[in-house]
Amino acid sequence: MNDERLFRLILLAGFVILVPIGVFHRLKARTGEKLDRRQEGLFILVTLRLCGITGMLGVLAYLINPAWIAWSALPLPAWLRWTGVGFGVISELLFVWTLTNLGKNLTDTVVTRQQHTLVTTGPYRWIRHPFYTAAALMIPASFLLTANWFFLAIGVAVFLLLAIRTRKEEENLIARFGDDYRNYMQRTGRFLPKLKDRRNG
């Protein structure tokens, strides 16, 4: 088995593991409540989903026949591509940990549910948006594993859109939870754990 085929099988295995877990948690979180996705703003609403679809089509193309996206391939050494596997494992573990702690609060938009609760357990103990952190880790994972800069470009675009979207998401959470969420913001980082202020001990 050559390296390219092995990396394709690893990528496929990652999706085969993660997608059913994600679907299970999405279905488990369904309440029948209608969510106003327009709160994201038309630009984010459309662009984020177009980037997501484009990225998924790219993954399918790579899995079926890497030659279809050879125009953006890079000659990366095998040892460097294996580091992408490490990033992918960490990303998937964080995804699962996040989904497990979100429960019924899981949505695909910035809108809070009527019965939304403030989650501060699991990865939320240290960061406010671990789902996006997991997505950020998936960027080097997919780029290095496939040795293809297309996945780096589309991944960065998606993460930037998600980062912009967090502003509205946090406005909604402040509106819902008030000082509880403001205090939570003070002790946590947005995407990475907040470093303790050494001036205060």
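The values are calculated or read from the model by the stated rules, or taken from the named source; none is laboratory data. Just so it is clear, the structure is predicted and the values come from calculations on it, not from any experiment. Cβ coordinates were reconstructed from backbone atoms using ideal geometry, including for glycine residues, and neighbour counts include every protein chain displayed.
Scanning the range 63-95 for residues that are under 20 Å from the mean Cα position of the chain (by Cα) and either under 16 Å from Ile10 (Cβ atoms) or among the small types (Gly, Ala, Ser) (or both) returns Thr83, Gly84, Val85, Gly86, Phe87, Gly88, Val89, Ile90, Ser91, Glu92, Leu93.
Residues that are buried (at least 18 other Cβ atoms within 10 Å of the Cβ) and either on the phi > 0 side of the Ramachandran plot or under 14 Å from the mean Cα position of the chain (by Cα) (or both) number at least 3 in the following helices (runs of 4 or more DSSP H) confined to the range 107-201: 130-146, 149-177.
Yes/no matrix, rows are residues, columns are (1) closer than 28 Å to Leu45 by Cβ; (2) modelled with pLDDT under 95; (3) among the polar types (S, T, N, Q):
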site	(1), (2), (3)
Val89	no, no, no
Leu93	no, no, no
Trp97	yes, no, no
Thr112	yes, yes, yes
Thr117	yes, yes, yes
Pro130	yes, no, no
Leu137	yes, no, no
Leu144	no, no, no
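For the range 14-37, indicate whether the set of residues that are of a type in the set (Ser, Thr, Tyr), farther than 20 Å from Asn172 by Cβ and either modelled with pLDDT under 90 or surrounded by 15 or more Cβ atoms within 10 Å (Cβ to Cβ) (or both) is non-empty. No, that holds for no residue. Scanning the range 46-85 for residues that are free of Cβ contacts under 8 Å to residues at least 40 places away in the same chain, surrounded by 14 or more Cβ atoms within 10 Å (Cβ to Cβ) and closer than 24 Å to Leu162 by Cα yields a single hit, Arg49.
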